[in-house]
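Please read the structure below before turning to the comments.
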Amino acid sequence: MWVIWRSHNDVIFNEGKVTYDRTVQAVKATVWSWLNISSRALEARQSLNFTDVLYGWRLTMSEQW
């Protein structure tokens, strides 16, 4: 939701353009950064790298959660 809100504001206030691929990538990057919140998430993050999340989203999320 946060990424969509930021994209919306970028379009409204900065004449930005929203693309599906860029939005999905931003969502995944946000999830990756939020994996510092809990100890379980930190453990999951230690066994992954960002490209795992970016390119193998379904497999990564189903294995970890």
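The values are calculated or read from the model by the stated rules, or taken from the named source; none is laboratory data. This one's a predicted model, so the numbers in the text were calculated from it and none came from an experiment. Cβ atoms come from the backbone with ideal geometry, glycine included; neighbour counts cover every protein chain shown.
Which one of these does Trp57 not meet: (1) of a type in the set (A, V, I, L, M, F, W, C); (2) touching a Lys or Arg at 6+ places or on another chain (Cβ under 8 Å); (3) modelled with pLDDT of 90 or more? Failing condition for Trp57: (3). Scanning region 20-65 for residues that are within 28 Å of His8 (Cβ to Cβ), outside any helix (DSSP H, G or I) and polar (S, T, N, Q) gives a single hit, Asn36.
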